[in-house]
Amino acid sequence: MARATAHGDEGQGGMMGSGILVFPAIQSPHISLPAEKLFGIGPLNVTNSMLTMFIVMIGLVIFFAYATRRLAVGGMNGAYQAPRGAQNFAEFCVEALLNLAQSSAGRSMGRRMLPLVATIFIFVLTANYVGLLPGVGTIGRCEVEISQTGGEHAASGPGCPEGQVLVPFLRAPNADFNMTIAMALVAIVVVQYQAIKAHGIGAYLKELFLAPPIPLLHFIGEVARIISLSARLFGNVFGGEVLLTVIIALTVPLWGLLGIVPAVFYGLETFFGFVQALLFSLLTLSYISIAASGHDEQEEHGIEGAVERGAQELAVGSSD
């Protein structure tokens, strides 16, 4: 692509003396794989992705506390109030997730795992969408980039002096591998807990040590699940972040394409953000359901059998 060099002002678009239209220079965007440190609290380094994570968590707590405030009032007064506004939206989300969980793992397991599955889905989805908001990843301070070997990088970031890069104040939480692997570890710990709860510690260990290769295969399988859950979410979110950064850097100098091309990719990232949240939560539920298989089916059949026997006894009593 041509770089504007008329009158020695590189990076300024316009007409050259010969009347040839040239495009302004495109500055190479700064892309950082690890999350950048903003400040420290004792031994704890607070990164931009960690700060965004806390903002998302606080925002969700405030929203659902506000949305469900009428439930507490109605419960104390004993009067039912029809949901509206934020409460209506919150109940719609919870009911949709409940139906999805029950259809995927059965009525008993779906209802029992709803708090975990709903929390994962809502948090991941909100975090993905917050990462698409204007200002996230684009507003920050300029700092000298230090390489892992201790040297300084000469590349400059957008709007920063030469030799400095832009360190954004906010960054998508799931673009940090630490965040995704932490959620994956929590999911796998819950899987193991539900397996022990369903079958007992004795049966769990007995099945684990049936043959010499079984423990190794079990360990490899659980590690593969952790890598699968964390790497899929991180790769898609970080890849989308890089894609949008590059697309915006390419289209900002091209005046007519400023709103058209980025809008297409923002739409794709909105869709992919929903899909990744759904995949992470449903895979977690699937792993738990498989680990507790057998026990949950017996429990559900037992409940259904008790209800059926009660209905038959009621019918016999009424006929007598």
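The values are calculated or read from the model by the stated rules, or taken from the named source; none is laboratory data. All values reported here derive from a predicted model rather than from experimental measurement. With ideal geometry, Cβ positions are generated from the backbone for all residues, glycine too; neighbour counts draw on all protein chains shown.
Which condition breaks for PHE219 when tested against (1) at pLDDT below 90; (2) surrounded by 13 or more Cβ atoms within 10 Å (Cβ to Cβ); (3) among the aromatic types (Phe, Trp, Tyr)?
Unmet for PHE219, out of (1) at pLDDT below 90; (2) surrounded by 13 or more Cβ atoms within 10 Å (Cβ to Cβ); (3) among the aromatic types (Phe, Trp, Tyr): (2).
Against the conditions (1) crowded, with 18+ Cβ neighbours inside 10 Å; (2) more than 28 Å from PHE238 (Cβ to Cβ); (3) modelled with pLDDT of 85 or more, where does ARG111 fall short? Just the number, please.
With respect to (1) crowded, with 18+ Cβ neighbours inside 10 Å; (2) more than 28 Å from PHE238 (Cβ to Cβ); (3) modelled with pLDDT of 85 or more, ARG111 is out only on (1).
So which residues in region 232-249 are of a type in the set (A, V, I, L, M, F, W, C) and within 12 Å of the chain's Cα centre (by Cα), if there are any at all? Steps first, answer last, please.
Step one: of region 232-249, the residues of a type in the set (A, V, I, L, M, F, W, C) are 233-234, 237-238, 242-244, 246-249.
Answer for region 232-249, where residues must be of a type in the set (A, V, I, L, M, F, W, C) and within 12 Å of the chain's Cα centre (by Cα): LEU233, PHE234, VAL237, PHE238.
List the residue pairs whose Cβ atoms are under 7 Å apart, where the first residue sits in region 97-120 and is farther than 17 Å from ALA187 by Cα, the second is among the acidic types (Asp, Glu) and part of a helix (DSSP H, G or I), and the two are 6 or more positions apart or on different chains.
Pairs that qualify, where the first residue is farther than 17 Å from ALA187 by Cα and the partner is among the acidic types (Asp, Glu) and part of a helix (DSSP H, G or I), are GLY106/ASP296; GLY106/GLU300; ARG107/GLU300; SER108/ASP296; SER108/GLU299; SER108/GLU300.
Among the numbered criteria (1) over 30 Å from LEU125 (Cα atoms); (2) modelled with pLDDT of 85 or more, which single criterion is violated by TRP255?
It is condition (2) that TRP255 fails.
Just checking, does region 148-166 include any residue being among the aliphatic types (A, V, I, L, M), modelled with pLDDT under 70 and farther than 24 Å from GLY240 by Cβ?
yes
With the structure loaded, tell me whether SER18 is at pLDDT below 75 and either polar (S, T, N, Q) or farther than 30 Å from GLY131 by Cβ (or both) or whether it fails that test.
Working: at pLDDT below 75: yes; either polar (S, T, N, Q) or farther than 30 Å from GLY131 by Cβ (or both): yes.
So SER18 passes the test.
Take the residues in region 155-210 that are assigned to a helix (DSSP H, G or I) and among the hydroxyl-bearing types (Ser, Thr, Tyr); name whichever of them is nearest to SER32 (Cα to Cα).
THR180
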